[in-house]
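Below is one structure, written out as structure tokens; comments come after it.
Readers should treat all values here as calculations from the given coordinates under stated rules, not as data from a laboratory. Treat the numbers as computed from the prediction; the structure is a model and nothing was measured. Cβ placement follows ideal geometry from the backbone for every residue including glycine, while neighbour counts extend to all protein chains displayed.
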Amino acid sequence: MSQLSITEETSASQLSEGLVLSDVSLELGDGEQRVRVLDHVNLHVANGEFAAVVGPSGSGKSSLLAVAGALSLPDSGSVKLGGRELITATKRQRAKYRLKDVGFVFQSGNLIPSLTAADQLRMVNRLAKGPRNFDPMPLLAAVGMEHRAKHRPGQLSGGERQRVGIARAMVTKPAVMLLDEPTAALDSARSREVVELLAQRAREMGIATVMVTHDREMLDLCDTVYGMNDGALSSQ
Ligand SMILES: Nc1ncnc2c1ncn2[C@@H]1O[C@H](COP(=O)(O)OP(=O)(O)OP(=O)(O)O)[C@@H](O)[C@H]1O
Ligand SMILES: [Mg+2]
């Protein structure tokens, strides 16, 4: 089968197939520490689809997102965005994919300590060569953080940091959003607001979204729910 490679310009039609992982396997560690982290995983998330992945701690959920976001390479299988294969792409192409096509919200927030909330968003816009007149305030307002725009991560609560991370993931209008427990540090009312916002954004902008969550109360907001167990993914 012929495979499109990642090109400099990504056309809308190329992106129409969404995110497709086929037969993805990954083992990590040596000797007795060897773990089958991903076990023949198949996943198709269409553009605008909001999919959830639930499963016990250590089952491979973050590893799945890392592979989907081209942060790590699997041992075998295929990861495609809009028909473009990521596994065989060059390092540079994969870096570009991470920057422009993927909005990643990490389990830990992962903000840059020296930058204010507004500057976290501005930096992503600059790196991705977004508009010169980019205004971070509407995105910060969307997650209820406009009143903390000038705060640095050390001056924010855990939940506030998480909300800035979510706003940052939406800066580049990505083709894929990968959310690793985006609501872990939020109260239940705020969690619901944030997940509703993410789901709405995914649908409106046609973003293929995968959200890892422990929060079963959020699952009614998702289009599809998958379960992860010992590296194996199944529909729920
Ligand atoms: N370098 C490594 N060597 C060996 N095993 C590893 C390595 N990195 C991760 N693992 C194992 O891979 C498994 C999957 O880890 P992963 O972080 O994907 O789990 P998770 O489902 O996200 O868990 P949590 O809900 O706690 O975040 C875990 O059992 C972990 O111990
Ligand atoms: Mg995890």
Exercise for review: Once you have the Cα-Cα distance between ASP75 and THR88, take 0.36 nm times their residue separation minus that, and quote the gain in nm to one decimal.
Suggested key: 3.5 nm
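May I ask you to derive the relative contact order of the range 56-208, considering only C-alpha pairs under 8 Å and at least 6 residues apart, and to give it as an integer percent? Mind showing how you got there, number by number?
Values: 183 pairs, mean separation 40.7, N = 153.
Over the range 56-208, the number comes to 27 percent.
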Review point. Highest GNM mean-square fluctuation, the chain, Cα pairs closer than 10 Å: which of ASN42, ASN110, ASN133?
Key: ASN133
Point to revise | Residue-averaged 222 nm ellipticity for the chain, from DSSP H runs of 4+ at -39500 (n - 2.57), nearest 500 | key: -7500 deg cm²/dmol
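Classify the range 94-145 from the C-alpha gyration tensor, please: rounded if a/c falls under 1.5, else prolate or oblate depending on whether a/b exceeds b/c. Could you put the intermediate results ahead of the total?
Working: a/c = 1.62, a/b = 1.14, b/c = 1.42.
In terms of gyration-tensor shape, oblate.
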Exercise for review: Would you mind checking which residues have amide H under 5 Å from VAL225's amide H? H placed 1.01 Å from N; only 5 or more apart, or other chain.
Suggested key: ALA52, GLN236
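Using per-residue counts of other Cβ atoms within 10 Å, averaged over each peptide, order 151-157, 96-102, 61-67 from highest down. Provide the component values of the computation, followed by the final result.
Numbers: 151-157: 14.9, 96-102: 18.9, 61-67: 23.3.
Ranking the peptides 151-157, 96-102, 61-67 by packing returns 61-67, 96-102, 151-157.
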Point to revise | In nm, spacing of pseudo-spin labels at HIS44 and SER114 (7 Å Cα→C-beta vector) | key: 4.7 nm
Practice item. Answer rounded, prolate or oblate for the range 83-231, using the Cα gyration tensor with square roots of eigenvalues a ≥ b ≥ c: rounded when a/c is under 1.5, else prolate when a/b is larger than b/c, else oblate. Key: oblate
Check your understanding: If each of ASP230 and GLN200 carries a label point 7 Å out from its Cα toward its Cβ, how far apart are those two points in nm?
Key -> 4.2 nm
